[in-house]
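The values are calculated or read from the model by the stated rules, or taken from the named source; none is laboratory data. Bear in mind the structure is a predicted one, so any value in this text is a computation, not a measurement. All Cβ positions, even for glycine, are placed from backbone atoms using ideal geometry, and neighbour counts span all protein chains on display. Heavy atoms of the whole protein, side chains included, go into the accessibility calculation; ligands, DNA and RNA do not. Shrake-Rupley method; radii C 1.70, N 1.55, O 1.52, S 1.80 Å.
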Amino acid sequence: MAVRNGTKTLTEWLTLLLGVVILLVGLIFVIMGADLAMLGGSVYYVICGIVLVASGVFMVMGRTLGAFLYLGALAYTWVWSLWEVGVSPIDLLPRAFGPTILGILVVLTIPVLRRLKSRRTLRGAV
Amino acid sequence: MRRSHLLATAAGLALACSPLAAHAQFAPAGSGGPPSATIPGPGNADEPKENTPADSSYFAGPSPYAPQAPGVNAANLPDIGSIDISEIPSMAPQQSANPAHGDWPAYGRDDNQTRYSPLTELTPETVNNLKVAFTYHTGSYPRPGQTNKWAAETTPIKVGDGLYMCSAQNDIMKLDPVTGKEIWRRNLNVKYESIPYTAACKGVTYFTSAVVPEGQPCHNRIIEGTLDMRLVAVDAATGEFCPAFGHNGQVNLMQGMGESVPGFVAITAPPPVVNGIVVVNHEVLDGQRRWAPSGVIRGYDAESGKFVWAWDVGNPDDHSQPTGNRHYSRGTPNSWAAMTGDNALGLVYVPTGNAGGDYYSGLRSPAENAISTSIVALDVKTGSPRWVYQTTRKDVWDYDMGSQVTMMDLRGPDGMLAPALIVPTKRGQTFVLDRRTGKPILPVEERPAPAGHVPGDSRAPTQPWSVGMPALRMPELREKDMWGMSPIDQLYCRIKFRSAHYDGEFTAPSLDKPWIMYPGNNGGSDWGSMSYDPNTGILIANWNASPMYAQLITRRKADALKLMPIDDPHYKPGAGAAEGNGPMEGTPYAIAIAPFWDPFTKMLCHRPPYGMITAIDMKHGQKVLWQHPLGTARANGPWGLPTGLSWEIGTPNNGGSVVTAGGLVFIAAATDNQIRAIDEHTGKVVWSAVLPGGGQANPMTYEANGHQYVAIMAGGHHFMMTPVTDQLVVYALPDAIKH
C-alpha cells in the first residue's frame, strides 16, 4: 500500500475515529462514574474511565500505547464483571459485550498504529 | 416484504450495536405516546417562589360540595327509587353456580371464579394444531385526534348458544360461538370524554330472573356497568333493554355522587349478582385530589334495578341514598377490580384501593385507614362489612387490590377443610383467608417496615407477610442489578438507583429525592388474577417485577408543572391521568411517578425477568411446582424496536390465565403479543401464536358444536405500549373450523 506523507489512509481515519469514540466513552465514564462514586456506588467506572481517556488520547495521537491501554481496561472490565456478577451471561451482556466488540476493533488497529509508529521513526531518522 | 425487511434491520441493528436487545416493552408501539412523567430528582421537588402565582394551589377543582353538572349523568336518567331488602325475591338458580360443561357463564367462569374449564379436547398433544377459527371486531379503538387510552381487557362469557361480550366503550354484543357472527349488538354511546385512565370493559354478567318467566324477554339478562356510570340490563336473547329494570333498562350510578366530571369515576369490571343483589363498585381516577368523588359500594335489585344499600366508609351507619344536596362521603377508598360473590355466606368480597391523594396518607381518616388495600367482606343484605382483611397498612405505594379473589376449599395446617379465599396482591404476597371469618388459614407474619420521610405522614411500623405461600416477587434491588444495552446506560441506571431512597419494600415517599417502589403498582399480581384447578390443586399465577420511580413535589412545583385535577376548569381532556404525574390537590404534595427506566432507551433500569408465571401446588404444602419467565423478546427492544428474538426474557404482563382439565394453561398477558398454551404440570410452553395486538386480557375457553374454542381479546394496552386493536381472536382445532 502506498503511503503518501501528510495524507491518511482509510484505516488510519478509522483508527482515529475509534480513538475519538474511546475518548468520549472514557469522558462519560469519568464524569458519570465520579457522580456514582460520590453517591456511594461502584468506583469501577471512574477508574476505567481514566484509563479509557488515556487510551483514546494516545490512539488519536497514533500511539500503539493507546491500543494496549484499551486492552488493559478491557481486561479490568472482565475481571470486575466476573467479580461482580460471576459467569452470568445476562449480567455480563451490559458490562462486557460492548467493550469486547470495541476491543476487537482496537486489536485490528494495532498494525495501523505500528505502521504509523514506523513512519514516525522513519521521519525522525531522516 | 418491506415490513419483514424493517424487522430484520431492526433486529440486526439491535444485535450489532448493543449487547442486548430485549427489554420490557414500555416503548411506543402504534398510536399514543409513552408515559411522559419526568422525575425532578434530588433537591428539585420545589420551585422558586417567584415562578408561581401563589403559595396555595392555583389549579384546583370546584368545591367538593358543588352540585353535579347535568352532563355527568350520561343518559340524563331520572333518579332511581329504593327497595327494601325484604321485598327482593329469592334468586333463581344461576348458570354460574353450576356451569354447563362447555360454558363459561361468568368472568372467572364459575361462582368460585376459578378460571378452570373441564374441557379436554385440547391437551398438550393436540394443542399444537390450533388455528384461528374467527376474529371479531368490536369497533372500539382510538380515532384520529384521540389520545390512546385503550386497553379493552375484555373476557367474553359463553352461555348456551351465545358468546356475550362488551367493547372497550361498553357496547354489548352476542356472537355465534362457532362463527363469530354478531347475533345482536346494543350500542350504549359511551363518549370518549367518559374514558377514565383506560377504556376497558372486563366483562358482562349473566343473570337469570326469578320474576320474569322462562321464554319471556329479560328472563335471562346481560348486566353491565359502564365507563359513564350506568348500570344496564338487556335481554340475553335480543339485546333489547329490559323495561322493568331501572328506567327502561338503565340506572344512573352518578346519583348521590355529587360534584364530578366525565372520566373521573367509571366502571370497568363486571358487577357480580349475589343473592339477587347486583353489587357495583367503580374506579376513581388516581392522584387527582383528596376530595375526589366517593368510592362508595352499592347494591341494587337485579330484578328491578332499584337501590338496596350503600356502603359509604365515611358514613358507615347510613346505608340509604343521599337526598337533596347531600352526597356520599368524598375521597374515600375506591374499588375498581372485579368483586367475587359468595351466595352461601351472603357476602361480596370487595377488593379496595386507597383514599384520594394516593401517595400521601396524612389526611386519611381512621375509618379509611381501616379498610384501604383490603378485602372487605360485605353482607349483601345490609351493606355492612362482616370482616376486613388488610394486606398493606397505610398504603402509599398504589398497592390497591387489583385481583379478583378466588374461592376454594383448602385443608389448613390444622387438617380441617375450610372455605378459603385466595387473595393475590400487587405485593406478590398471596393471602389465604377463611371466608367465614377473614382470618388467615396459612400463616401471616408482621414484619417491621421502613419509617416515613415526610413530616406529618408517619408509616405503619409493621406490614403483613404471607409466609405460608410462595412469594411472587424478586429479591430486593441492588446497584449491581442495574442493567442496560451498554455500560453507559447501566451506569446511568446505577446513578438513578443511588440517587433515590430505597430501603426495600415499603420505602416511604419522599420529597428530598425520588424513592423506588418495588414491587411497583403493576404488581406482583394485578387484575389478571389467578386460575385454580380444583382437581389437581394447582394454582396458576402470573406476576410482574417492575419497579416504579417516584417523588413527591411541592404544591408550587405542581402548579409550575400545571398539574391539575381532572375536574379543574383548565383541564384538557387527554392530558395526564393516573399512573403518571398527579396533582393530589388538597394534600400538601403532588406526585411525579414513572417506571424505573432509562427514559432514552425506554428500557427498564434493572435486569430481567420483568414478568413471571408460577404454578403452586395447593394440595401438598403450597410448594412451587414450576416457575419461569413469561414473555419473549420478539416484540421488544431498545427504543421499542422489535428484536424478533424468541428468548423468554420475561416481560411485564397484564391479564390472567385459564387452566383446563386437558392439562393446559392458556395465557397471553405478556408484551410479546403472543398467546401460549403451557403444560399445567411441567410449565413447558407447548403452543404459541402471534396476536394482532397486545393480549392484555384474560382468555377464556368454551365448547360449541362439539369442539373446544379458546378466545382472547387482543385489545392491547396503552400503558403497556402494546398495539391496540378491537379484535377478539378465537382459536380451535381444524376439525372444528371445517363446518
| field | Interchain or long-range residues, amide H under 5 Å from B:T406's placed H | value | B:I422
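Could you order A:L71, A:L92 by accessible surface area, starting with the largest, using a probe radius of 1.4 Å?
Working: A:L71 50, A:L92 25 Å².
From most exposed to least exposed: A:L71, A:L92.
What FRET efficiency comes out for B:S646 versus B:V132 if R0 is 22 angstrom and r is the Cβ-Cβ distance? Round to the nearest 0.05. Each step should come with its number before you reach the end.
Numbers: r = 20 Å, r/R0 = 0.93.
Approximately 0.60, to the nearest 0.05.
Going through region B:90-185, which trypsin sites (Lys or Arg not before Pro) have at most 16 other Cβ atoms within 10 Å and a DSSP loop state?
B:K181
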| message | For A:R63, what accessible surface area do you get with a 1.4 Å probe? Give it in Å², rounded to 10. | response | 100 Å²
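Are there any GluC sites (Glu not before Pro) in region B:205-304 that are in a DSSP loop and have at most 11 other Cβ atoms within 10 Å? List them by number.
Numbers: sites: B:E214, B:E224, B:E240, B:E259, B:E283, B:E303; in loops: B:E214, B:E240, B:E259, B:E303.
Answer in residue order: B:E214.
Using the structure shown, select from B:K513/B:K562; B:K131/B:K158; B:K202/B:K557; B:K202/B:K426; B:K149/B:K513 the pairs with a Cα to Cα distance greater than 26 angstrom. Don't jump to the answer; show the numbers that get you there.
Numbers: B:K513/B:K562 21 Å; B:K131/B:K158 20 Å; B:K202/B:K557 37 Å; B:K202/B:K426 19 Å; B:K149/B:K513 30 Å.
Too far apart for the 26 Å limit: B:K202/B:K557; B:K149/B:K513.
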| aspartates and glutamates within cross-link reach of B:K181: Cα-Cα under 17 Å, excluding same-chain residues under 8 positions apart? | B:D161, B:D171, B:E703, B:D726
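Mind checking B:492-501 for the average number of partner chain beta-carbons within 10 Å of each residue's beta-carbon?
Working: counts 4, 1, 9, 8, 2, 3, 8, 4, 1, 0.
Mean shielding count: 4.
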| Sequence of B:I172, B:I488 when ordered by accessible area, the most exposed leading, probe 1.4 angstrom | B:I488, B:I172
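How would B:D617, B:D672 line up by accessible area, probe 1.4 Å, largest first?
Numbers: B:D617 20, B:D672 0 Å².
Listed by decreasing accessible area, they come as B:D617, B:D672.
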| For chain B, what does the alpha-carbon gyration tensor say about shape, rounded, prolate or oblate, given a ≥ b ≥ c as the root eigenvalues, a/c under 1.5 as rounded, and a/b over b/c as prolate? | rounded
| query | Pulled fully out, how much extra length does the chain show between A:F68 and A:L10, if you take 0.36 nm times their separation in residues and subtract their Cα-Cα distance? | reply | 18.7 nm
| With every protein chain in place, what's the accessible area of B:W647 (1.4 Å probe, Å², nearest 10)? | 90 Å²
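Give me the percent of Cα-Cα pairs in region A:12-125 that sit more than 21 Å apart, rounded to a whole number.
Details: 2503 of 6441 pairs.
Tail of the P(r) past 21 Å holds 39 percent of the pairs.
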| GluC sites (Glu not before Pro) lying in DSSP loop within region B:447-535, provided at most 14 other Cβ fall within 10 Å | B:E476
| Hey, quick one: spin label on A:T121, modelled 7 Å out along Cα-Cβ, who in region A:42-74 has an amide N within reach, i.e. under 15 Å? | A:63-65
| field | Options B:L378, B:S335, B:H606, ranked by Cα towards positive dipole end of chain B, top entry (Cβ charges) | value | B:H606
| task | Provide the buried accessible surface between chains B and A in square angstrom, both chains summed, 1.4 Å probe, rounded to the nearest 100. | result | 1900 Å²
| request: Could you calculate the FRET efficiency of B:R411 with B:E476 from 1/(1 + (r/R0)^6), where r is the beta carbon distance between them and R0 is 35 Å, rounded to 0.05? | output: 0.60
| request: Return the long-range amide H neighbours of B:I553 (sequence gap of 5 or more, or a different chain), with a cut-off of under 5 Å between placed amide H atoms. | output: B:A590, B:I591, B:A592
| Going 7 Å from the Cα of B:E193 in the Cα-to-Cβ direction, what parts of region B:241-263 have a backbone nitrogen less than 14 Å from that spot? | B:260-263
| How far apart, in nm, are two points set 7 Å out from the Cα along the Cα-to-Cβ line at B:Q216 and at A:E84? | 7.4 nm
| note | Whole-Å distance linking the alpha carbon centroid of region B:405-456 with that of region A:4-71 is 55 Å
| query | Could you work out the helix-only [θ] at 222 nm for chain B, with each DSSP H run of four or more residues adding -39,500 (n - 2.57) and the total divided by the number of residues, to the nearest 500 deg cm²/dmol? | reply | -1500 deg cm²/dmol
| said: Can you give me the solvent accessible area of B:D735 with a 1.4 Å probe, rounded to the nearest 10 Å²? | reply: 100 Å²
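Can you work out the FRET efficiency for the pair B:A370 and A:M38, with r the C-beta to C-beta distance and R0 = 41 Å, to the nearest 0.05?
Numbers: r = 44 Å, r/R0 = 1.08.
Efficiency for this residue pair is about 0.40.
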| request: Could you tell me which of B:Y702, B:P547, B:S458 has its Cα farthest along the dipole of the protein assembly as shown towards the positive end, charges placed at Cβ (Lys, Arg +1; Asp, Glu -1), taken about the Cα centre? | output: B:P547
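Take the alpha carbon gyration tensor of region B:146-250, find the square roots of its eigenvalues, order them as a ≥ b ≥ c, and report rounded if a/c is under 1.5; if not, report prolate when a/b exceeds b/c, else oblate.
Details: a/c = 2.39, a/b = 1.43, b/c = 1.67.
It is oblate, given that a/c is not under 1.5 and a/b is not larger than b/c.
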| said: Using the basic label-point model (7 angstrom from Cα toward the beta carbon), what is the B:N98 to B:T38 distance in nanometres? | reply: 6.4 nm
| Per-residue HN-Hα couplings for region A:15-23, Karplus 6.51 cos²θ - 1.76 cosθ + 1.60 at θ = phi - 60°, whole Hz, x for Gly and Pro? | 5, 4, 4, 4, x, 5, 4, 5, 4
| In straight Cα distance, which lysines are under 16 Å from A:K8, not counting same-chain residues fewer than 8 positions off? | A:K117
| Paramagnetic label zone (point 7 Å from Cα along Cα-to-C-beta, B:D46; backbone N under 14 Å) in region B:449-463 | B:455
